[in-house]
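**Student:** Before I ask anything, here is the structure I am working with.
The values are calculated or read from the model by the stated rules, or taken from the named source; none is laboratory data. For clarity, every value in this text was computed on a predicted model and none was experimentally measured. All Cβ positions, even for glycine, are placed from backbone atoms using ideal geometry, and neighbour counts span all protein chains on display. Keep in mind that these areas ignore ligands, DNA and RNA; they rest on the heavy atoms of the full protein, side chains included. Shrake-Rupley method; radii C 1.70, N 1.55, O 1.52, S 1.80 Å.
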Amino acid sequence: MKKKWISSLMCMSLAASLFTGCAPTSTSNTTDTPAPSDTSTTTKEEPKKEESTDGGKKIVYWSMWEATEAQGQSIQAAIDQYQKDTGNTVEVQFKGRTGIREGLQAALDAGTTIDLFDEDIDRVNSTWGKYLLDLESYAAASDYDATAVSGLMSACREVGGGTLKSIPYQPNVFAFFYNKDLFDQAGITDVPKTWDEFLATCEKLKVAGITPITCDDAYITCMIGYHLARTVGEERVTQIVNEGLWAEEPAVLEAAKAYEALASKGYFSEYVASNVWPAGQNTELALGEAAMYLNGSWLPNEVLGTTGPDFRWGCFSYPAVPNGVTGVEAANFGAQVFAVNKDSKVPQEAFDLITYITKGQFDAELSANSTGIPADTTNTKWPDLLADVKPVLDSLTTRYTWAAGVEANNNMTPIIKENFLKLCGGQITAEQFVDNMEKASK
């Protein structure tokens, strides 16, 4: 559902507070934070603390990162310091995205000891919401919000049903990323803000002999989701997908026709229908064979090995569509988040570890090493490759969830993906896309 942050986010702490103050040199004060007296609405007996072999307490952490990734290495450095400072031990299992998404649910259901885990803000709070510990009292005791991005903290509370059940880090935004050199080559001086301007941009690129747009199976649903949400709003998109209103809602055919036109004019990569991630980003965008790609602010880091540090990244919000209900002020933005298992025997220690990773020195190092946006507002330096992301993030006042609601029905997602790839590849018409969606919904 579309969400507007009237106070904290509209003021855009991602713009205002994210760039004030100076970075602290340590986070050692986190171990001095007193444990809250109560973390739920009912009085419970304090669980017995899990002990490590050396007399300290042990935290079991399942991570969404690989140990070899920049994020995994930076988090490991924070863990190492935490263990030295506290005498506690952290058993970290770097599961990677696939390992977390395929294994965490079963492990939690089986009662496996997992104190701390992380993943995307929406996935953590929806898919695994029933396992989350309310963190409001822990955050209050440590004054966590004081140097956190208030818009993201508000987002966490919103998706957590009105209370804080996850802590954001590695902020991100989903928008069009583009190759500035190719735009210059095509004589494009301004990024498009409307759909007509977007079409004009695509035409200039095509005339210059440049493929305007690439995409792949991982992100294609975001394109139709954004277009529909621009037209009718995310709440309606979710209703369309869940209730099978593909033919009943005129905006679906309208969006499909817009993409049929992109395909017929040759604005998509010739490989778009068959691209399997990461082909679009690694073999087309990163190599300068395509100019634009709707993706997240993690993209420059993912292809850094190919592009190198001198690649000139640009960023703009998905364009406004004619007579739309939302415009360039709306986007999917959020963060990865940490969550503490409600059954953890070491909740305070797990929260302290979160603070080590998301504040001060280690947040700054995580940002620098992963080409990511810092989560601590006192860490004001952004990676150079993300400079053009800042004005986009600054301008946002409305938050879409992932793919702007079009993936709300898990049973329909692979069908939408398959057919929209075919539409963008010119293999089916707009009418056929709508008919296929309608039939699949029955």
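**Student:** Restricting attention to the range 173-191, which residues are open to solvent by less than 50 Å² (accessible area, probe 1.4 Å), out of contact with any strand residue (DSSP E or B) (no Cβ under 6 Å at 6 or more places or on another chain) and assigned to a loop (DSSP other than H, G, I, E, B)?
**Tutor:** If the condition is that a residue be open to solvent by less than 50 Å² (accessible area, probe 1.4 Å), out of contact with any strand residue (DSSP E or B) (no Cβ under 6 Å at 6 or more places or on another chain) and assigned to a loop (DSSP other than H, G, I, E, B), then A186, G187, I188 are the ones that fit.
**Student:** Right, another one. Of the conditions (1) without any contact (Cβ under 8 Å) to a residue 24 or more places away in the chain; (2) under 28 Å from K442 (Cβ atoms), L253 fails just one. Which one is it?
**Tutor:** With respect to (1) without any contact (Cβ under 8 Å) to a residue 24 or more places away in the chain; (2) under 28 Å from K442 (Cβ atoms), L253 is out only on (1).
This table checks each residue for (1) modelled with pLDDT under 95; (2) open to solvent by less than 50 Å² (accessible area, probe 1.4 Å); (3) of a type outside the set (D, E).
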site: E349; (1), (2), (3): no, yes, no
site: T355; (1), (2), (3): no, yes, yes
site: A387; (1), (2), (3): yes, no, yes
site: T397; (1), (2), (3): yes, yes, yes
site: N419; (1), (2), (3): no, yes, yes
site: E431; (1), (2), (3): no, no, no
site: D435; (1), (2), (3): no, no, no
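**Student:** Same structure, new question: Select, from T378, T398, the only residue that is of a type in the set (V, I, T) and out of contact with any Gly (no Cβ under 6 Å at 6 or more places or on another chain).
**Tutor:** T398
**Student:** Can you tell me which residue among I220, I167, I224, I210 is surrounded by fewer than 22 Cβ atoms within 10 Å (Cβ to Cβ) and not charged (D, E, K, R)?
**Tutor:** Numbers: I220 fails: surrounded by fewer than 22 Cβ atoms within 10 Å (Cβ to Cβ); I167 fails: surrounded by fewer than 22 Cβ atoms within 10 Å (Cβ to Cβ); I224 fails: surrounded by fewer than 22 Cβ atoms within 10 Å (Cβ to Cβ).
None of the other options fit; the residue is I210.
**Student:** Only residues that are under 25 Å from the mean Cα position of the chain (by Cα) and in a loop (DSSP other than H, G, I, E, B): list them for the range 270-298, please.
**Tutor:** The answer is V272, A273, S274, N275, V276, W277, P278, A286, L287, G288, S297, W298.
**Student:** Mind listing whichever residues of the range 357-384 are in contact (Cβ under 8 Å) with a residue 40 or more places away in the chain, surrounded by fewer than 24 Cβ atoms within 10 Å (Cβ to Cβ), touching a Lys or Arg at 6+ places or on another chain (Cβ under 9 Å) and more than 29 Å from K58 (Cβ to Cβ)?
**Tutor:** Residue satisfying the conditions is T378 alone.
**Student:** Among (1) modelled with pLDDT of 95 or more; (2) farther than 22 Å from R399 by Cα; (3) open to solvent by 40 Å² or more (accessible area, probe 1.4 Å); (4) not basic (K, R), there is one condition D145 misses while meeting the rest; what is its number?
**Tutor:** Among (1) modelled with pLDDT of 95 or more; (2) farther than 22 Å from R399 by Cα; (3) open to solvent by 40 Å² or more (accessible area, probe 1.4 Å); (4) not basic (K, R), the lone unmet condition for D145 is (2).
**Student:** Which members of the range 244-269 meet the condition of being in a helix (DSSP H, G or I), open to solvent by less than 10 Å² (accessible area, probe 1.4 Å) and of a type outside the set (V, I, T)?
**Tutor:** A251, A255, A256, Y259, L262
**Student:** Would you confirm whether any residue within the range 109-121 is of a type in the set (V, I, T), open to solvent by less than 10 Å² (accessible area, probe 1.4 Å), under 19 Å from the mean Cα position of the chain (by Cα) and under 19 Å from G334 (Cβ atoms)?
**Tutor:** Yes: the range 109-121 contains one or more residues that are of a type in the set (V, I, T), open to solvent by less than 10 Å² (accessible area, probe 1.4 Å), under 19 Å from the mean Cα position of the chain (by Cα) and under 19 Å from G334 (Cβ atoms).
**Student:** In the range 305-422, which helices (runs of 4 or more DSSP H) lie fully inside it and hold 1 or more residues that are under 30 Å from E235 (Cβ atoms)?
**Tutor:** 389-395
**Student:** Here are the criteria: (1) touching a helix residue (DSSP H, G or I) at 6+ places or on another chain (Cβ under 7 Å); (2) surrounded by fewer than 22 Cβ atoms within 10 Å (Cβ to Cβ). Tell me which single one D343 does not satisfy.
**Tutor:** Every listed condition holds for D343 apart from (1).
**Student:** State all residues of the range 84-137 that are out of contact with any Asp or Glu (no Cβ under 7 Å at 6 or more places or on another chain), small (G, A, S) and touching a residue at least 60 places away in the same chain (Cβ under 8 Å); if no residue qualifies, say none.
**Tutor:** If the condition is that a residue be out of contact with any Asp or Glu (no Cβ under 7 Å at 6 or more places or on another chain), small (G, A, S) and touching a residue at least 60 places away in the same chain (Cβ under 8 Å), then G111 is the only one that fits.
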